[in-house]
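Remarks on the structure that follows.
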Amino acid sequence: MNLLPLPAFSDNYIWLLHNGKQALVVDPGDAAPVQAALQALQLQLQAILVTHHHADHVGGVDALRDATGALVYGPAFELLPEPVVRVDAATQLHLLGMPWRVLEVPGHTAGHIAWYCEPADQAPILFCGDTLFSGGCGRLFEGTAEQMHASLQQLAQLPQNTRVACAHEYTVSNLKFACEVEPSNTALLQYRAHCEALRQQQRPTLPSTLAQELAINPFLRCDVKQVVQSALRFRPDTQTEQPASVLATLREWKNAF
């Protein structure tokens, strides 16, 4: 399987997964880069996968569906461009010759989902939309900190070699914040230097890996002593024994950072 990030807007990635003949695309906020890639690679679009309803993730769905006839699969409880095959954690799908898992990960939006697959002889892939970013997590627009913490912990249980295909190139700014939270984390400092070098070369920092995120992402490290202490300095009323409270403080801090 070939995994390609297609840049869109100022910082989105539309993910294209293909086997040389057929393809699927994840969160196409804009149809144009997808159509260009399909034509250049001579691919047939089999499916359109959606993680949540925001316009920068669904804006190109109608045009792609109309142009290719691809089926659209999306979260069961979000307002999406119809027709959509609605999916949840109980759904069993087979796309591009592989079984897929749907993970329910509310927090950023109320019905947000993630998509997980295990290509043969390759590391697994997680399409997590705006739930998990490299070095960060999504804003809590519709969900709670408790929901986001539970969602991130669900993702943390996946195999550590899972490729994390986030929907935005937020990595460098996220890592700047992460270094404020956990300044003595050597793995974080090394990863920040690596990602800054990639961006200077105009190369994507993504996909990350789950192992990398567990080592450097403060929103996955809400029980680590230095992360907890930093949260407490920002908000002295943080309930340090509750990781969701630590996450809420980190998210509030990041919003203003």
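The values are calculated or read from the model by the stated rules, or taken from the named source; none is laboratory data. Since the structure is predicted, the reported quantities are computational estimates derived from the model, not experimental observations. Quick reminder, even Gly has a Cβ in these numbers, built from the backbone with ideal geometry, and neighbours come from all protein chains shown. Keep in mind that these areas ignore ligands, DNA and RNA; they rest on the heavy atoms of the full protein, side chains included. Shrake-Rupley method; radii C 1.70, N 1.55, O 1.52, S 1.80 Å.
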Q. What list of ³J(HN,Hα) couplings, whole Hz, do you get for segment 88-104 from phi and the Karplus terms 6.51, -1.76, 1.60, once you set θ to phi - 60° and write x for glycine and proline?
A. 8, 5, 8, 6, 10, 10, 10, 10, 6, x, 10, x, 10, 9, 9, 10, 8
(Q) Amide H of HIS168 versus every other amide H placed in the peptide plane: which residues, excluding those fewer than 5 positions away on the same chain, fall under 5 Å? (A) TYR13
Q: Apply the Karplus parameterisation 6.51 cos²θ - 1.76 cosθ + 1.60, with θ equal to phi minus 60°, to every residue of segment 54-69 and state each ³J(HN,Hα) to the nearest whole Hz, in sequence, with x for glycine and proline.
A: 4, 4, 6, 10, 10, x, x, 4, 4, 5, 5, 4, 5, 7, 10, x
Q | Under 5 Å, built H, 5+ apart or other chain: amide partners of LEU71 | A | ILE48
Q | Only Lys, Arg (+1) and Asp, Glu (-1) charged, at Cβ; segment 1-120 dipole about Cα centre in debye | A | 360 debye
Q | Heavy-atom accessible area per residue - segment 94-219, 1.4 Å, Å² | A | 39 Å²
(Q) Quick check: at a probe of 1.4 Å, how many percent of the accessible area of segment 147-257 sits on carbon and sulfur atoms? (A) 47 percent
Q: Give me the percent of the accessible area of segment 14-53 that comes from carbon and sulfur atoms, probe 1.4 Å, all protein chains in place.
A: 47 percent
Q: Give the cross-link partners of LYS254 among the lysines, using a straight C-alpha distance below 17 Å as the criterion and excluding same-chain residues fewer than 8 apart.
A: LYS176
Q. Based on the Cβ-Cβ distance of VAL85 and ALA187, what FRET efficiency does E = 1/(1 + (r/R0)^6) give at R0 = 35 Å, to the nearest 0.05?
A. 0.30
Q | DSSP-defined beta bridges in segment 101-178 - what % are antiparallel, rounded to 5 | A | 70 percent
Q. log₁₀ I(q)/I(0) of the chain at q = 0.13 Å⁻¹, via Debye over equal Cα point scatterers, no solvent, to two decimals?
A. -0.79
Q) Whole-Hz Karplus ³J(HN,Hα) for segment 227-237, in order, using 6.51 cos²θ - 1.76 cosθ + 1.60 and θ = phi - 60°, x for Gly and Pro? A) 5, 4, 5, 5, 4, 5, 5, 6, 9, x, 8
